[in-house]
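Working notes, structure below.
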Amino acid sequence: MATGLLRGETESESAAQEPEPARPRRRDWRVALGLSLIPGLGHLYNGQIRRALFFFGATLFSIGPAVVLITAGEHLGATLLDRKQFTAFLLLSLGSVLAFLALFVLGLGFWASAAVDARRSAIELSEGRPGGEARWWFLKL
């Protein structure tokens, strides 16, 4: 800008030649939060594809096996009861219920984290900040 003024340009002419910095696209945090009913869609709205894939996969691979465990365990449990193997049935029931609860709670945790992170990222991206890339607990996703 100073070199243009030395060449005889006015201040308005030199300002017109410099491009304006690109404004960040406004992202509504309500939309990002609402889309997070399906884990990862809020991050896709924010333009964070890797995070979207992570949260969708983490939720799918924790809640999915929990549901499969219960449905498959029901058939196996009925078979054990028909054979009158009550001790094995009780151990299998206890183990499958504990595993189901652990996987299901883990999946719900991923789901809730996806919604909270999509909301925070939308707010940060709208303000021109890096969108959660400085959060250490998401391991630079």
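The values are calculated or read from the model by the stated rules, or taken from the named source; none is laboratory data. Since we're looking at a predicted model, the values are computed, not measured. Cβ: placed from backbone, ideal geometry, glycine included. Neighbour counts: every protein chain shown.
Name the residue, out of Ser96, Ser36, that is at pLDDT 85 or above, under 29 Å from the mean Cα position of the chain (by Cα) and more than 30 Å from Glu127 (Cβ to Cβ).
Details: Ser36 fails: more than 30 Å from Glu127 (Cβ to Cβ).
Testing whether each residue is at pLDDT 85 or above, under 29 Å from the mean Cα position of the chain (by Cα) and more than 30 Å from Glu127 (Cβ to Cβ) leaves just Ser96.
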Identify, from the list Leu139, Leu125, Leu103, the residue that is modelled with pLDDT under 90 and surrounded by 13 or more Cβ atoms within 10 Å (Cβ to Cβ). Leu125
Can you run down the residue pairs with Cβ atoms below 6 Å, 6 or more apart or on separate chains, where the first is in region 36-64 and closer than 19 Å to Pro130 by Cβ and of a type in the set (Ser, Thr, Tyr) and the partner is buried (at least 24 other Cβ atoms within 10 Å of the Cβ) and modelled with pLDDT under 95? Tyr45/Ala32
